[in-house]
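Each value in this text was obtained by applying a stated rule to the coordinates, not by laboratory testing. In this text the structure is predicted, and so the values were computed from the model without any measurement. Cβ coordinates were reconstructed from backbone atoms using ideal geometry, including for glycine residues, and neighbour counts include every protein chain displayed.
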Amino acid sequence: MPELPEVETTVRGLEIVLKGRRLVQVEARRADLRRPFPPDLGQRLVGARVTGLGRRAKYGLIETDRGDTLLFHLGMSGHWRIDPAEIGKHDHLLIETDEGRRLSLRDPRRFGSIDLVPTAEVADWPAIRTLGPEPLGGAIDGGWLRRTFAGRSAAVKLLLLDQRVVAGLGNIYACEALFRARIDPRKEAGRIGRARLDRLAVAIPAVLDDAIRAGGSSLRDFAAPDGELGYFSKQFDVYGREGQPCGGGCGGKVRRIVQGGRSTFFCSTCQR
């Protein structure tokens, strides 16, 4: 599933083509993805000018001068394409700008979503309202993690995946951040000391920044809007490396376990 770095990469790619442009065509080529497309999507967007793009957690935001914001979620397999050579059955939303550029939202598994929300109400939209702080916004430090984890017996990795705790952090980058902080993902969150929480608070934004600079991680379907693949998967220390030597050089090997239905990769030698 595309996580924060992949969505951030997508937003930055779309911004080059969309910001300041007027939308001259908006075509939903099916009735729904994970949820139905807004029935008035074309009516509200055609003729509107894009005034800005942004991201909140794993949602991309496209703001217009009509006071509406298009929210997109890439689901499991979604990605935007700029000026695609061909339009296929998995291209479910088409947008054309006054500059003649064409964008397609491709989502073979259809777990993504498209919503259109008044810009003034985005912060109170149900999926946004419950989100925790952004891990790149400077709001997370060791003290904040200590207060948030206090008294919690849940495994630290499961709490990091809770979008109410940290917005946008997903399975890949939680594994990588815990490795950098040398914390066992099975550890009860409330029993982790302040020094290690300080390391974790540094590791989370650092791994996300590294991933964004690499264009995200392309494991199956993800590509940036210009077609470039994400190369952070070449830098994984633990994710997807079961049985291989620990990326930290401790002599241990990467293990894989299942937590909350998701694969967790870690080194039990240096993560404690």
>> Residue by residue through the stretch 258-268, what is 3J(HN,Hα) from phi via Karplus (6.51 cos²θ - 1.76 cosθ + 1.60, θ = phi - 60°)? Round to whole Hz and write x for glycine and proline.
In response: 10, 10, x, x, 10, 6, 10, 10, 6, 10, 6
> When the Karplus curve 6.51 cos²θ - 1.76 cosθ + 1.60 is applied with θ = phi - 60°, which whole-Hz ³J(HN,Hα) does each residue of the stretch 91-104 get, with x for Gly and Pro?
Replying inline: 8, 9, 9, 10, 10, 10, 9, 5, 8, x, 7, 10, 10, 10
> If Lys and Arg each add +1 and Asp and Glu each add -1, what is the summed charge of the other residues whose beta carbon sits under 14 Å from the beta carbon of Gly20?
Replying inline: 0
> What FRET efficiency do you get for Lys19 and Ser268 if R0 is 41 Å and r is their Cβ-Cβ distance, rounded to the nearest 0.05?
Replying inline: 0.30
> Are there cysteines in the chain with no second cysteine's Cβ under 4.7 Å away, and if so, which?
Replying inline: Cys175
>> Please compute the volume of the convex hull spanned by the alpha-carbon atoms of the stretch 8-83 and report it per residue in Å³.
In response: 103 Å³
>> Skipping prolines and chain starts, which residues have an amide H placed within reach, meaning under 5 Å, of the one on Gln259, given they are 5 or more residues away or on another chain?
In response: Thr264
> Roughly what would the spin-label model give for Val46 and Asp198, points 7 Å off Cα along C-beta, in nm?
Replying inline: 6.0 nm
>> No solvent, one uniform scatterer per C-alpha: report log10 I(q)/I(0) for the stretch 105-196 via the Debye equation at q = 0.21, 0.25 1/Å, two decimals.
In response: -1.07, -1.35
> What does the charge count near Thr97 come to, summing +1 for each Lys or Arg and -1 for each Asp or Glu among other residues with Cβ under 11 Å from its Cβ?
Replying inline: +2
>> Using a 7 Å offset from Cα along Cα-Cβ at Lys89, what residues in the stretch 103-119 end up with backbone N under 14 Å from the label point?
In response: 107-110
> Across the stretch 115-128, in residue order, what do the Karplus-derived ³J(HN,Hα) couplings come to in whole Hz, using 6.51 cos²θ - 1.76 cosθ + 1.60 with θ = phi - 60° and x for Gly and Pro?
Replying inline: 9, 10, 10, x, 4, 5, 10, 4, 4, 9, 5, x, 6, 8
> Can you tell me the Rg and Dmax of the chain, counting just the alpha carbons, in angstroms?
Replying inline: 19.7, 60
>> Can you list residues from other chains, or at least 5 along the same chain, whose modelled amide H is less than 5 Å from the amide H of Arg152?
In response: Gly190
> Along the charge dipole of the chain, Cβ charges K/R +1 and D/E -1, which of Ile140, Val238, Gly249 sits furthest on the positive end?
Replying inline: Gly249
>> Below 12 angstrom from the Cβ of Ala150, what's the summed charge of the other residues (Lys, Arg +1; Asp, Glu -1)?
In response: +4
> Rounded to a whole number, what is D in µm²/s for the stretch 142-267 from Stokes-Einstein with the Kirkwood radius over alpha-carbon pairs (10 °C, 1.306 mPa s)?
Replying inline: 106 µm²/s
> Can you work out the FRET efficiency for the pair Asp210 and Glu242, with r the C-beta to C-beta distance and R0 = 30 Å, to the nearest 0.05?
Replying inline: 0.90
> Which of the residue pairs Lys19/Lys157; Lys58/Lys89; Lys89/Lys253 have a Cα-Cα distance greater than 32 Å in the structure shown?
Replying inline: Lys19/Lys157; Lys89/Lys253
> What FRET efficiency would be calculated for the residue pair Trp144, Asp124, taking the C-beta separation as r and a Förster radius of 25 Å, to the nearest 0.05?
Replying inline: 0.60
> Just from its helices, what would the mean residue ellipticity at 222 nm be for the chain, if runs of 4 or more DSSP H residues each count -39500 (n - 2.57) and the sum is divided by every residue, rounded to the nearest 500 deg cm²/dmol?
Replying inline: -7500 deg cm²/dmol
>> Quick check on packing: order 255-264, 88-97 by the mean number of other C-beta atoms within 10 Å, highest mean leading.
In response: 88-97, 255-264
